[in-house]
Amino acid sequence: MGGASARLLKLFEGHRLTPAQRRIAHCMVRRAADAPFLSSVELAELAGVSQPSVTRFAVALGFDGYPALRRHLRDVPETGAEQAGEHGAGHGAGGGAAPGNEYQQAVLSEIDNLRELAALLADPAPVERAGRLLAASPALPVLGLRAASAQARGFAYFAAKVHPDVRLLDEGGSMLADRIDAAVRAGASALLCFALPRHPRETVAALDHARGAGLRVVTVADSVLAPVAHPADVLLPAAVGTGLAFDTACAPMLLARVLLEAMCDGLPDAQARLEDFDARAAERGLFVE
């Protein structure tokens, strides 16, 4: 993660922010290089909130108002690496000029997201903890609606090879709460959620229902400031790319595989299940060798 983005996240840590305030914070992190120079009106437009919401956000962080917050951001000096990295001096180890092609820029942005993920995984404890929670759940509901459905479906596909009861929840509607309740009756103790922008209201409601039913929630989200964030959850952040018309989610997809590995480590018979699947697949001729 860039130094400016990291400093912003550090500034926001420990503050209980409303959903609107989390949108503002998320917007500032994504526009970290520009944040100290945005007016309150500009920031409100970028975040899709009202200008008074920006003022209340600054006060919630302990400042007298938004001008004081902006002065604080301007007064923090940049390091040389940040100036080069965040103002376009170069990309990668070679430090050459950044390509002007928008497709290349989107790829480079995703590479930055993967580097950020690698840095977060330097402390494996949160992922290992999440893996243990998922492995210990006799039934495992995996939630992912709209843009997050692909990540949920991919995780559920592989998880079903090692976990005895994986339940994919990739459709909203009035039956979603019923399916969560059915998982609880089957012994579920945890729920895995993939939450990516734009965040559906149904995802927020489903997580509230799951917590109310006594489930521990593990969430893979695009940011610790995502509107689905809850203090009681295990939240694993992985940034999405925003350089194209539709967000790209390489980092969340890779994090899902890492989490799957951590879950396998908590399932004593995971390897035996995989070997059994391979044997049956060979008998049935499932794959072209």
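Coordinate-derived values only; no laboratory data. Note that the coordinates shown come from a computational prediction; the quantities given were computed from them, not determined experimentally. Every residue, glycine among them, receives a Cβ derived from its backbone with ideal geometry; neighbour counts consider all protein chains shown.
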**Prompt:** Can you tell which of M28, F277, S149 lies farthest toward the positive end of the dipole of the chain, using +1 and -1 charges on the Cβ of basic and acidic side chains (Lys, Arg; Asp, Glu)?
**Reply:** M28
**Message:** Report the Cα-based extents of region 159-289 along its three principal axes, largest first, to the nearest Å.
**Reply:** 46, 41, 27
**Item:** Within the chain, helix-based [θ] at 222 nm, where runs of 4 or more DSSP H residues each add -39,500 (n - 2.57), nearest 500
**Value:** -16000 deg cm²/dmol
**Complete:** Long-range amide H partners of L236, meaning residues 5 or more apart or on another chain whose placed amide H is closer than 5 Å, are T219, V220, A221
**Complete:** Scalar couplings 3J(HN,Hα) for region 207-222 by Karplus 6.51 cos²θ - 1.76 cosθ + 1.60 (θ = phi - 60°), nearest whole Hz, x for Gly and Pro, are 5, 4, 5, 5, 5, x, 7, x, 7, 7, 10, 10, 10, 9, 10, 6
**Prompt:** Given 0.36 nm per residue, what is the gain on full extension from Y103 to F37 after removing their alpha carbon distance, in nm?
**Reply:** 21.0 nm
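Dipole magnitude of region 193-289 about its Cα centre, charges +1 at Lys/Arg Cβ and -1 at Asp/Glu Cβ only, in debye to the nearest 20?
I would put it at about 400 debye.
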**Asked** Between L43, P19, L8, whose Cα lies farthest towards the positive end of the dipole of region 1-44 when Lys and Arg beta carbons carry +1 and Asp and Glu beta carbons carry -1, centred on the Cα centre?
**Response** P19
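Suppose every Lys and Arg Cβ carries +1 and every Asp and Glu Cβ carries -1, with no other charges. What dipole size does the chain come out with about its Cα centre, to the nearest 20 debye?
Using Cβ point charges on Lys, Arg, Asp and Glu, the chain gives about 760 debye.
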**Request:** Of all alpha-carbon pairs in region 95-250, indicate the percentage at a distance above 28 angstrom.
**Result:** 22
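With contacts defined as alpha carbon pairs under 8 Å and 6 or more residues apart, what's the relative contact order of region 174-240 in percent?
Over region 174-240, the number comes to 32 percent.
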**Fill in**
For the chain the mean separation of alpha carbon contacts under 8 Å (6+ apart) over residue count, i.e. relative contact order in percent, is 18
